[in-house]
Amino acid sequence: MYPTFGGSGVVATELGKALAGMGHQVHFITYSQPVRLDMMSDNIMYHEVNVPNYPLFQYPPYETALASRMVDVVKREKLDLLHVHYAIPHAFAAYMAKQILAAEGVLIPIVTTLHGTDITLVGRNPNYRPAVQFSINASDAVTSVSESLRRDTMEHFDIERDIQVIPNFIDFDMYQPHIPCIKKKWAPNGERLITHISNFRRVKRTGDVIRIFAGIREQLPARLIMVGDGPERDNTEQLAYDMGVGDYVKFIGKSTEISPILCITDLFLLPSETESFGLAALEAMACHVPVVSSNTGGLPEVNIHGETGFLSDVGNVEEMSEYAIKILADIDTLNHYKEKAYQQAQRFNIHNVLPMYLEVYQRVTGVSAEVNV
């Protein structure tokens, strides 16, 4: 897994924590500690992958180091399976580890979860496509976080096995504010408060967030909170001032205080060029926040048009602004969408999704009780 703020890292970490809470032994194998991982929790172990730097190598061989670390942990901890997130490099490394272990008489099944970038961007690159396709077909079970991503995978690769859709999920205990929702600091004059959360890559279209917000500001008082960081942040900040709304936009960088931010939010914007699922939108909805988003990838499976918010074509900022104003214009309408968003988010409660993963684990291992992952 990638131990980052991104959706795959969050989902992998929360899944592991939930399994540990059920009494399963869970081992995280990656290059740094996942941002949401509590090392003091019972049944959780973290194993760092160290990649030595040698003058001979321009690019250190991470996959080799990862596979070697997997072999060591499987043998020492007697793991029942390897669950990897992303086809490359993780499923590819897991396959190498599996072959090394098989030569020593140790059999270990591989479960691979596809999250999006490994399929929609990296995987279609001719330099990586054979490795992605092989890693998927060589896995003992494959899951996808959305039906849209499953279709994309089957369409763009020669897949010889079933892919089961297991959606991303929410642990609702994490999204119930434990402190009062103090909105006045962010909206001192009672303005509507709008939020966007992402890694500020070009695919997130953070410039469109500013353009949508500028359209909203033309019709009603509002302020915008931009959470996250990345290569497009400087351009996005400059655009806000160029469009005359810079004084009403707050860039706060990366944050782990997502729930307190969302609990004061009236509307969430996610105009991405592509989203395999849209975990950020689901996190917002779990905090009673309606969403205006693009209609790409898995987003229509999460954000229901006309019910939990609205969907528009990628780049149609005028329509997104109009939809946002429709939600925000009066308090009764806003409260209606807030409640519908929360009801939809309940479908993705971790308690509904976790049994799907447990069924996969039991199928590939034949173990129906304790599973070491």
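Read-outs throughout are calculated quantities, based only on the coordinates presented, and are distinct from any laboratory measurement. What you are looking at is a predicted structure, and each value in this text was computed from that prediction instead of being measured. As a convention, Cβ positions derive from the backbone with ideal geometry for all residues, glycine included, and neighbour counts pool all protein chains shown.
Fully extended, how many nm does the chain gain between residue 155 and residue 33 (0.36 nm per residue separation, minus their Cα-Cα distance)? Additional length available on full extension: 40.4 nm.
Could you give the dipole magnitude of region 144-217 about its Cα centre, charging the beta-carbon of Lys and Arg +1 and that of Asp and Glu -1, in debye to the nearest 20?
Dipole magnitude for region 144-217 comes out near 820 debye.
For region 173-348, the relative contact order comes to 23 percent (Cα pairs under 8 Å, sequence separation of at least 6). Overall, the chain carries a charge dipole of about 460 debye about its Cα centre when +1 sits on the Cβ of Lys and Arg and -1 on the Cβ of Asp and Glu, all other atoms neutral.
When the helices of the chain are scored as -39500 (n - 2.57) per DSSP H run of n ≥ 4 and the total is divided over every residue, the value at 222 nm lands at -12000 deg cm²/dmol.
Within region 173-348, what percent of beta bridges assigned by DSSP are antiparallel, to the nearest 5? Of all bridge pairs located within region 173-348, approximately 0 percent are antiparallel. Give the residues of region 293-312 whose amide nitrogen is closer than 18 Å to a point set 7 Å from the Cα of residue 183 in the direction of its Cβ. The answer is 309, whose backbone nitrogens lie closer than 18 Å to the label point.
Computed from the Cβ-Cβ distance with R0 of 41 Å, the FRET efficiency linking residue 295 to residue 362 stands at 0.70.
Between residue 331 and residue 314, full extension at 0.36 nm per residue minus the direct alpha carbon distance yields a gain of 3.3 nm. Taking the Cα centre of region 173-348 as reference, the dipole from Cβ charges on Lys and Arg (+1) and Asp and Glu (-1) amounts to some 420 debye. Under conditions of 4 °C and 1.567 mPa s, the chain yields 60 µm² s⁻¹ as its translational diffusion coefficient, taking Rh as the Kirkwood radius over Cα pairs in the Stokes-Einstein equation.
Each peptide in 275-285, 148-158, 131-141, 245-255 gets a packing score, the mean of other Cβ atoms within 10 Å over its residues, and the list from highest to lowest is 275-285, 131-141, 148-158, 245-255.
Over all Cα atoms in region 173-348, the spread is summed up by Rg and Dmax: 14.4, 41 Å. Relative to the current alpha-carbon distance between residue 172 and residue 351, full extension at 0.36 nm per residue lengthens the span by 63.5 nm. Put simply, when 166-173, 229-236 are sorted by average Cβ atoms within 10 angstrom per residue, most first, you get 166-173, 229-236.
Within the listed set 130, 271, 260, the residue fluctuating most in the Gaussian network model of the chain (springs between alpha-carbon atoms under 10 angstrom) is 130.
Say each of residue 339 and residue 307 gets a label point 7 Å from the Cα, pointing the same way as Cα to Cβ; how far apart are those two points in nm? Label-label distance for residue 339 and residue 307, simple model: 1.6 nm. Since only 115, 222, 41 are under comparison, the one whose Cα sits farthest along the positive direction of the charge dipole of the chain, derived from C-beta charges on Lys, Arg, Asp and Glu, is 41.
Each Cα pair under 8 Å and six or more residues apart adds its separation to the average, and for the chain the resulting relative contact order is 15 percent.
Shape class for region 75-173: oblate, because the ratio a/c of the largest to smallest gyration tensor axis (alpha-carbon atoms, square roots of eigenvalues) is 1.5 or more and b/c is at least a/b. With pairing defined as another cysteine C-beta under 4.7 Å, the cysteines of the chain that fail it are 287.
Remark: the Cα gyration tensor places region 155-269 in the oblate category, a/c being 1.5 or greater and a/b not exceeding b/c.
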